[in-house]
1. Enumerate the calculated ³J(HN,Hα) couplings along the stretch 86-94 in order (Karplus 6.51 cos²θ - 1.76 cosθ + 1.60, θ = phi - 60°), each rounded to whole Hz, writing x wherever the residue is Gly or Pro.
2. Restricting to DSSP loop positions (anything but H, G, I, E, B) with no more than 15 other Cβ atoms inside 10 Å of their own Cβ, which trypsin sites (Lys or Arg not before Pro) remain in the stretch 103-152?
3. By the scheme Lys and Arg +1, Asp and Glu -1, what is the net charge of all other residues having a beta-carbon under 13 Å from that of S138?
4. Pull up all non-local amide H partners of V140: gap of 5 or more, or a different chain, and H-to-H distance under 5 Å with H placed in the peptide plane.
5. Round to the nearest 0.05 the FRET efficiency obtained for C47 and D153 when R0 = 22 Å and r is the Cβ-Cβ distance.
6. List the residues, sorted by chain then number, that are 5 or more residues from L147 or on another chain and whose placed amide H is less than 5 Å from its amide H.
7. Per-residue HN-Hα couplings for the stretch 119-126, Karplus 6.51 cos²θ - 1.76 cosθ + 1.60 at θ = phi - 60°, whole Hz, x for Gly and Pro?
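Every number in this text was worked out from the coordinates using simple rules, so none of it is lab data. Because the structure is predicted, anything quoted here is derived from the model rather than measured. Cβ sites come from the backbone with ideal geometry, for glycine too, and all protein chains shown count toward neighbours.
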Amino acid sequence: MRPRFARAVGLSGVAGVCLAAALAAPVAANSQLRFTIDDTSVLTHSCGVVETTRIYGRGTASFDVDGTWVGTAIHLTYTGIFTDPATGRTITQVDHQNVTEADGVITMRGQGAFIRLGGEGVLLHDVGRLVFDPSDGSTVSATPKVLTFDDPDAAAKVEAAVCSMFD
C-alpha cells in the first residue's frame with residue numbers, strides 16, 4: 001500500500017486516474033496529453049489524528065500512431081498535515097512519487113510515505129518500487145521497503161506510525 005495516494009483515491013482509483021487522463025479528450029495520432037491533478041484527502045486515523053493531504057500531480061498520457069493509448073506517467077507530490085485534535089499540535093510531511101501505467105500494470109516509484117519525528121527517528125519508511133496489477137492489487141514485484149496493497153499488515157503499520165507521532 002502506498003498510503004497517501006492509495007488511500008486518497010482508492011486502489012481502483014489509481015488505475016482510474018491514469019485511464020481517465022488517457023481518455024479525457026480525443027487526441028491526434030502519436031501524441032501526448034498533459035494534465036494535472038489537484039485534490040485534497042482528509043482521513044481520520046484510529047487514534048483521532050486527522051490527516052489532511054494535498055495531492056498534486058503533473059502527468060502525461062501517451063498515444064501511438066493509431067491514437068491508441070500506450071501509457072500514462074504522473075509525478076505526484078503529497079503534502080500531508082497531521083493534526084492531533086486534542087492538543088492542536090500539527091506535523092507536516094512532504095512526499096514524492098512517480099506513477100506509470102502501461103501493459104496492464106501500475107508501477108509506483110519513490111517515496112510513498114516517510115514519517116520521521118524529531119528526537120524519535122523514522123516511524124514509517126515506505127519507499128522504493130512497487131509493481132502491481134490494478135485489477136486486484138496483487139503485487140507483481142516490490143523492493144524491500146515498500147508497503148504493498150496486498151500486505152494484510154500495511155494498514156496497521158501506517159496507523160501505528162501516524163498515531164505514535166503524537167504519543
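1. Going residue by residue, I get 5, 10, x, 5, 10, 9, 10, 10, 10 Hz, with x marking Gly and Pro.
2. Sites meeting the loop and neighbour criteria: K145.
3. Every neighbour counted, the sum reads -4.
4. V131, F132, D133
5. 0.80
6. For L147, whose amide H was placed from the backbone, the distant partners under 5 Å are V127.
7. x, 10, x, 7, 9, 8, 9, 9
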